[in-house]
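Take a look at this one; I'll ask things after.
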Amino acid sequence: MTREEILAELKRLGPWFHRIDLGGGIFTKTESVMGEPIDHPLGPWQTIQKLLPPDLSGKTLLDVGCNAGFYAFEAKRRGAKRVLGVDGQRQHVRQGLFVRNVLGLDVEFRRLNVYELNARTVGQFDITLALGLLYHLKHPILALENLYQVTKELLIIETAIMPPERTPESFAHPLGEKEMLLHSLAFVENPTHAKEQVFNWFLPGVESLKALLRSTGFSEVEVVEAKNERAIVVCRKTKPAIDDVDAPKHFVEELKLEQGPHECAPSSELIFQLRVENIGMALWSANGDDVTGKGAVFLGSHLLKDTEDEVDWDYGRARLPSDLGPGSATQLEIKLPAPQTPGKYIVEFDMVAEHVTWFEDHGSGTLRHELIVKT
Ligand SMILES: C[S@@+](CC[C@H](N)C(=O)[O-])C[C@H]1O[C@@H](n2cnc3c(N)ncnc32)[C@H](O)[C@@H]1O
């Protein structure tokens, strides 16, 4: 591309929020668009780069709300094996793709909303960046759960926060039977026409930001900088222990019946084939604790009458062939004895973690299958 062509394209794709050096004295922008420093994001980058391993070789990195890709390109320059930048706004994906072509750096870009991210849509990355994103979200907890799901090791958050001098202190308060800690989180009232990805919605106080990240499941949450009404937080993830008190809420299944009878004779053998997918955030252990077997995950089933009356709660189980990580699926066969008494029944399939929980008890869906036992 000639210099003139690059300049013309920069104009066509503007306005630019990221100032990226394209070489030959050309930068993506020459003026501030919304009051940010003209060299944005050079300021936050000074801190963020120290939080990343200096050598990213072998690492995969996801940049959510990547804008024109400044951080994604810097990660690639540091040797990251794979870098994916996603942004909810098409104009930024166009900008990222253009810069990629000019710089010749192998960074992938996709238009994806943070709410669409999960282990199935993008897989998992060693490192995730969510910089300048959180306060743009109407559903911050949903987004944080998605960020947790797609992160293997490290999530770095940079966000606007509630003005510290106006943030009420956290305090303990009885709710139900327990004293609970309440943290401040401000809702920003917007005009009704406000566009989600451009306006601001929630500003967390620092304590509420930490609590949100802890309750999403991150085992280590460290605020490394809080100044000028912005904070940078490093969140690390370790594999959930089998008896991790937080693990049950991360058990979420998707079950699909691939084969199985709708009618049968009394006491005959029923064979069902199911596709079982881990769409939650916890690893499903096939064997559980080495000594007690606690936490081993099985495909379980309940037998109910069509009136919902229980016939057999622990009707039959099938073992996982091996551990199943988030985003992975397997086929399972389960053999069950048909009821002796003719009638209309429901076989309800659900996953169960031995001595921990049925997944349904933590909000997961189940699979219900109607069965007629004929005379
Ligand atoms: C303030 S800019 C921050 C850009 C960049 N990460 C940085 O720190 O300089 C916010 C970016 O997040 C994107 N964004 C906002 N809401 C989003 C959402 N729901 N899903 C994905 N991206 C979103 C915007 O399009 C925008 O590019």
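Hey, what number do you get for the chain at 222 nm if only DSSP H runs of n ≥ 4 count, each worth -39500 (n - 2.57), divided across all residues, to the nearest 500?
Mean residue ellipticity at 222 nm (helix-derived): -5000 deg cm²/dmol.
Give me the number: length gained by fully extending Lys81 to Lys138, i.e. 0.36 nm times residue separation minus the C-alpha to C-alpha distance, one decimal in nm.
17.3 nm
Got a sec? Which residues in segment 204-235 would a label at Ser170 touch, if it sits 7 Å along Cα→Cβ and we count backbone N under 11 Å?
Under 11 Å, as judged by backbone N against the label point of Ser170, lie 205-215 of segment 204-235.
Run the reach check for Lys81 against lysines, Cα to Cα strictly under 18 Å, same-chain hits fewer than 8 apart removed. What comes back?
Lys81 reaches Lys59, Lys152.
Given a 10 angstrom Cα cut-off, can you work out which residue in Val93, Val291, Val311 is the most mobile in a GNM of the chain?
Residue with maximal mean-square fluctuation among Val93, Val291, Val311: Val291.
Now a separate question. When the expected Rg is taken as 2.2 N^0.38 Å, what fraction or multiple of it is the alpha-carbon Rg of the chain?
Output field value: 1.21.
Label points 7 Å out from Cα along the Cβ direction at Phe27 and Lys374: separation in nm?
Result for the modelled spin labels: 7.9 nm.
How tilted is helix 42-51 with respect to the longest principal axis of the chain? Cα atoms for both, answer in degrees (0 to 90, nearest 10).
50
Reachable aspartates and glutamates from Lys29, Cα under 18 Å, same-chain residues fewer than 8 places away excluded?
Straight-line reach from Lys29, under 18 Å: Glu4, Glu5, Glu9, Asp21, Asp39, Glu74.
Take each of the peptides 227-233, 146-152, average the number of other beta-carbon atoms within 10 Å over its residues, and list them starting from the highest.
The packing order, highest mean first, is 146-152, 227-233.
Which residues does the label zone of Asp290 cover in segment 324-338, counting backbone N under 20 Å from a point 7 Å along Cα→Cβ?
324
Taking Lys305 as the anchor, which aspartates and glutamates have their alpha carbon closer than 17 Å to its alpha carbon, excluding any fewer than eight residues away along the same chain?
Glu263, Asp314, Glu348, Asp350, Glu370
On a 0 to 90 degree scale, rounded to 10, what angle separates helix 206-216 from the longest Cα axis of the chain?
The angle comes out near 40 degrees.
Of Ile271, Phe218, Asn190, whose Cα points farthest to the positive end of the dipole of segment 176-291 (charges on the beta-carbon: +1 Lys, Arg; -1 Asp, Glu; origin at the Cα centre)?
Asn190
Size of the dipole of segment 104-224 about the Cα centre, Lys and Arg at +1 and Asp and Glu at -1 on the beta carbon, nothing else charged, in debye to 20?
Rounded to the nearest 20 debye, it is 360 debye.
With point charges of +1 on the Cβ of Lys and Arg and -1 on the Cβ of Asp and Glu, referenced to the Cα centre of the chain, which listed residue (Val86, Pro174, Ser32) lies farthest in the positive direction of the dipole?
Looking along the dipole axis, the top candidate is Ser32.
Magnitude of the Cβ-charge dipole of the chain, K/R +1 and D/E -1, about the Cα centre, nearest 20 debye?
Once rounded to the nearest 20, the dipole reads 1600 debye.
Every number here is computed from the coordinates shown, using simple stated rules; none is lab data. None of the values given here were measured: they were computed from a predicted structure. All Cβ positions, glycine included, derive from the backbone under ideal geometry; neighbour counts span all protein chains shown.
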